[in-house]
Every structure is written in C-alpha cells, then in structure tokens.
C-alpha cells in the first residue's frame, strides 16, 4: 500500500496565471526505487522530483501500482489544464499511457475525482498538456501512474484558478458513465468476504449528473475472480437510484467480462430476454471504472440479483414468516454448481445443488430453509417422474412459460452455462416455481472452445453444455420427455420471430448501436488489457480488433436464428395471433415511407419499439410517422392483436 510523503517546494502560491503551474506542498507515495540496487529509498527518484522543473529527473516508486505524486495547493482551485513529461528512458512514453490526474478535497483522496487521463504517448524532453473539463474546486491534486508502471514520470504540472467551483460539470472519461471507487487507505478489494469502506462516485450525462455516496466494495463472482481484471460488488450505505435503473437498492455489481472481447454478450442476452417477455431482466449499463486512481477498463454496471422492487419483485420475507401463507414465499434460489461454497444451500433428492439466495444468509431461519428445501424436492420428484399433465404433474408446480422463455434465451445465445447457474423464484401463496432471471453469458454467443462451432451440433446446446449435477436431465425431461413441450416451444419461437424482433437484422442493429456507444471505451479497455490477440478463458478464436469480435457476434446470432428455425420447425407468420374484431373484420397495420396506418374495426393502436417503449399512437384518421428505421410492434388497443412492422 502506498504511503503519502510531504515535502515543500514552490511554497509561494501561484494564483490565476494559467501560463504558470500551480505550486504547493508535494504529497505522494513515500517509497521510491533505487534502480541501481533494486531497493526502496526515500532519497532517490522521489515524488518531489516530479515537481522540480527538471525534465532530467524523475519519480519512480518502489511499489509497482497505485502510486502517485501530487500537490497540496493550500486552498481549493478549479483545475483547467494539466501537463506531463515522461521519464527519459526507452519505456518512459509508454509508461504514462492511461495515467490519471485527479483532484480531491480530502488529503486521503477518498473523494478523488478524475481531471484528465493520458491516452497518448508523451515525448521525452517535452511537456505535453491536456485541457481539464471539471468545474469542482479541489485542494489536493495528483498524478496516479497506470498499473505496473512505478509511476515513472519526469514532471507533472497543474494549472487553474482559486475557488470552490461547483458540481455543474465533472469529467467523464468517455461517452459512457464513469464509476469511481476510492477505498480507505487505497486498499484494493482482495476477496469476496471483506467489505472495504469506500466512497463511490458515478458521473454521467456528459458530466452533469453525479451520484456520490458512502459504500463498501469487495470482489464478486467465481471463475471471473481468477482473471487479472477483477469483478466487484458495491454495497451503498443507503439505497441509491443508480443512473436509469428501475430499482433503488444498496447492492450493485461490476461485471468484468474479461474473456468476452465484445464486452457486450451479457447486454445482448439481456436484450433477448426482454424481447422474449421474461418477467424480470437485470438492468445493466456499460461504464468506465477507476479504482483508487487507476483506470480498470470497461465494465458492466448491473443489478445484484435479489428480491426487491424493480428486481425480483416478490414478497421480501422476514425471520417472523414461519407459518401459514407467510412461510410460502417469496424465495429466490439458484441451481448452482458452486453451491457447496455458499452458506445456505442443499442438494435435492436427485442430486441437484441449490443455493438459497433469499431470504439472505443472515436472515433466513430453519423453518424457511425446511420449507423451500421441501418445495424444491417436490418439484424435483415430479420432474423426474412420469406424469406430465394433470393432478400430480410437475406442471402444477413449475411455470412452464417462464421455463421455456429462459430456455429459448439460452439456446439463442448458445450459452453452455445456462444450467450451470439457473435462478428460480417462488411467490407467496403460489405453488409454482418461476424460472429466471437469466444471468452470466460471457462464454455464450460462440465464445466457448468446448462447443465451437455451436451450429455444427445436431441437438440443443444445453445437451453439450456444463450443468450443475443432474440439471441437464431435469431440462431434458421437460423439453423432450413431456409430449406437450415441443409444440409449446414451436409456438413461443414463432411468436418471438414474428412479433418480437427475433431476427438477425434487428439484433444486428442493436449490437451495432451498442458498439457505437461503447467504441471509445472499448479502445481504452483493450489498451489497458491488450488481449485481443490472446486466447483467454474459453475463447475459441482471437481477433485483431474488437470490431472483428463484434462482427462475429452479429454473424453468429443470424446463423443461430436460422439453425433454431430449422430445429424447431418455424413457419413464418404463424406467430401472429390475429383476433377477430366485431363484424368479422381484422386489424391491419401497414407502413408506407415510415408512416403507420391501421385499418379494420380497431380505431387506434399503440406503436412500441423492440425495447418495449411506447413511441406513439396510430389510427386510420391519424397516421403515425415512425421515428427511425427499424422494427416495431403495433398493438391494437383493447383487442389483444399484435402486428410486427418494419421500416
């Protein structure tokens, strides 16, 4: 851990002259390195040498990461410009790329915000400069070297004017929201158990929207924790409304997507789940992450899967719910191959491992554990039995429509982990288990060398995928042994193909829009993690660019839809369920030049985009102009009729 050291230089305060650097007391990492001996020192290559005006001296820390040099300006200043020059050696210019300039009101930098990040190599013997777009006044300023660089900087400089400023505009790294985590004593989160006190700041809307709150941070995940780019969980001290998320909650996740070189497989899968009509789909947003002044890359800020309004919206149980209807729900469980690493878990009668996610470990009581264990065992017994309909069948206690929507998303995405980790929930006073939400798609969409190429397989991908013990057999008994299921899958697939944007063109447009929004962040991410031409995790192939990976994702989705059409037996148009209107007339919606008109007995219809957002009303006497090219769903008001239109 870096320790701050202070030394006084340029003690006369520089004020408003932006052509002269600000001055103050030097602060920074205490231990520097003596390259001649490789030992730590406090007299050679110190933090003060980055502020001595001499481009031939430099600061190099003993520790390799999270090290810095900066100034206590004595009073708040609004920083308008920063300058830097690399150490005069062969590696100097490269070792400053992704270096971060920050400002803070606290000397421990717990409230640090970014001022500027270096994205280009500097020039030895010259100062480079960057304009700062941040209106908040800060007393403490610093330069934090990128990971594994020992800071290694010849000179840094700060320019600005005295004043407290305001929070009308903070610096956002790219067009994506910027998430900043500053931990007490700059401790890097190191396991899943230790919650480190943190200050979390989220900057969005071109720097005009800021959320800043006390929190704790720890690592999260299982296999994803083994990667160099670590996943994290944030828990705010108080519930927060984060960006445009539907839930106000304490717990949020930062998914690393290390082995996914599009960084959007989860995002695309969640979109597929929304189009499939799943009851709850995790909210997510790609973001840039800074941890203790170090740029960590592009992450996916996402819901924590939990029982809560706006998430899995069922009754939240208390320890007093131990009898009657109160004991029957709500429960959130996960069929989980890692269940034996958790606290509240059990193995079903047919060996399926199950983690109880809600009630939480610290709230669940024995009566609740016994109830949900017994309820799942009853489901397990019925699925593995031979009765598929009527009284005593599994259909009485498994919600088959939610199961099949979940199944379709897994098959479209080619997710070999679909039944390695499968969430289900049970409502109060409802005997059924509902399947969802979907989760964990980093090796989906043709990103698993164990099943690549997916479309060469003759059967559904779940047959070849990873499974929590015996869960694949559970799925087979529902999908293949139940004589009614094949027809239900065919009906569901046809409805999605005809009315919900389940086609290659529509998904391709969605992926391209995501790539456009993420492009600058993706460039920075793969500067921080230069792995595009490396095999990591289960990658079946490597790329020279993230755009090539995105193109492969689009091609896969189109090909997979064609494969599922053949496998399921899709008949185009069979999924549009038109309902007779009074007088025998049918509802019709037509598009001409982007204008929707409706005819038939229906007077009005509502137009939705594929994200489910209302875009307008269409009627025979008031045609509606579509806002842009794309695929839309037109729903006859009050008639239950649905028509898919494209422009």
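The values are calculated or read from the model by the stated rules, or taken from the named source; none is laboratory data. Predicted model, so just to flag it, every value in this text is computed and none were measured. FYI the Cβ positions are ideal-geometry reconstructions off the backbone, even for glycines, and counts take in every protein chain you see.
Some points to look at:
- Residue count, segment 542-556 (criterion: at pLDDT below 95 and either over 17 Å from residue 257 (Cβ atoms) or in the same structural domain as residue 461 (by TED's automatic domain parsing) (or both)): 1
- Scanning segment 437-468 for residues that are in contact (Cβ under 8 Å) with a residue 24 or more places away in the chain and outside any loop (DSSP other than H, G, I, E, B) yields 454, 455, 461, 462, 467.
- Restricted to segment 637-647, and to residues there that are in a strand (DSSP E or B) and under 18 Å from residue 277 (Cα atoms), the residue that is modelled with the lowest pLDDT is 642.
- Being part of a helix (DSSP H, G or I), in contact with a strand residue (DSSP E or B) (Cβ under 9 Å, 6 or more places away or on another chain) and crowded, with 20+ Cβ neighbours inside 10 Å is a condition met by no residue of segment 416-436.
- The residues of segment 217-240 that are in a strand (DSSP E or B) and over 26 Å from residue 146 (Cβ atoms), listed by number, are 235, 236, 237, 238, 239, 240.
For (1) out of contact with any helix residue (DSSP H, G or I) (no Cβ under 9 Å at 6 or more places or on another chain); (2) in the same structural domain as residue 436 (by TED's automatic domain parsing), each residue gets a yes or a no:
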position	(1), (2)
318	no, no
336	yes, yes
346	no, yes
363	yes, yes
366	yes, yes
370	yes, yes
380	no, yes
383	no, yes
395	no, yes
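- Residues that are in a strand (DSSP E or B) and in contact with a helix residue (DSSP H, G or I) (Cβ under 8 Å, 6 or more places away or on another chain), drawn from segment 23-60: 26, 27, 28, 29, 32, 59
- Across segment 437-472, the number of residues qualifying as touching a strand residue (DSSP E or B) at 6+ places or on another chain (Cβ under 8 Å) and more than 30 Å from residue 550 (Cβ to Cβ) comes to 4.
- The numbered conditions (1) in contact with a helix residue (DSSP H, G or I) (Cβ under 9 Å, 6 or more places away or on another chain); (2) more than 21 Å from residue 185 (Cα to Cα); (3) assigned to a strand (DSSP E or B) are all true for residue 79 except (1).
- For residue 498, the conditions (1) closer than 18 Å to residue 569 by Cβ; (2) out of contact with any strand residue (DSSP E or B) (no Cβ under 7 Å at 6 or more places or on another chain) all hold with the exception of (2).
- Any hit, segment 494-506, residues being over 27 Å from the mean Cα position of the chain (by Cα), under 30 Å from residue 354 (Cβ atoms) and not assigned by TED's automatic domain parsing to the domain that holds residue 228: no
- If the condition is being surrounded by fewer than 16 Cβ atoms within 10 Å (Cβ to Cβ) and modelled with pLDDT under 95, then segment 201-222 contributes only 222.
- Residues (free of Cβ contacts under 8 Å to residues at least 24 places away in the same chain and under 17 Å from residue 425 (Cα atoms)) located in segment 365-394: 370, 374, 378
- Of the candidates 408, 372, the single residue that is touching a strand residue (DSSP E or B) at 6+ places or on another chain (Cβ under 8 Å) and in a helix (DSSP H, G or I) is 372.
- Those residues of segment 313-328 which are surrounded by 15 or more Cβ atoms within 10 Å (Cβ to Cβ) and more than 14 Å from residue 370 (Cβ to Cβ), in sequence order: 313, 314, 315, 316, 326
- Hey, residue 298 closer than 19 Å to residue 172 by Cα and free of Cβ contacts under 8 Å to residues at least 40 places away in the same chain or not: no
- Selection of segment 39-52 for residues being farther than 21 Å from residue 103 by Cβ and either buried (at least 18 other Cβ atoms within 10 Å of the Cβ) or modelled with pLDDT under 95 (or both) yields 45, 46, 49.
- Scan of segment 245-303 for residues that are under 20 Å from residue 516 (Cβ atoms) and part of a strand (DSSP E or B), ordered by number: 284, 285, 286, 287, 288, 297, 298, 299, 300, 301
- Matching strands (runs of 3 or more DSSP E) fully within segment 113-214 where at least 3 residues are touching a strand residue (DSSP E or B) at 6+ places or on another chain (Cβ under 6 Å) and without any contact (Cβ under 8 Å) to a residue 12 or more places away in the chain: none
- For segment 505-540, the tally of residues that are surrounded by 14 or more Cβ atoms within 10 Å (Cβ to Cβ) and in a loop (DSSP other than H, G, I, E, B) stands at 8.
- Single condition residue 276 does not satisfy, out of (1) farther than 28 Å from residue 427 by Cα; (2) crowded, with 17+ Cβ neighbours inside 10 Å: (1)
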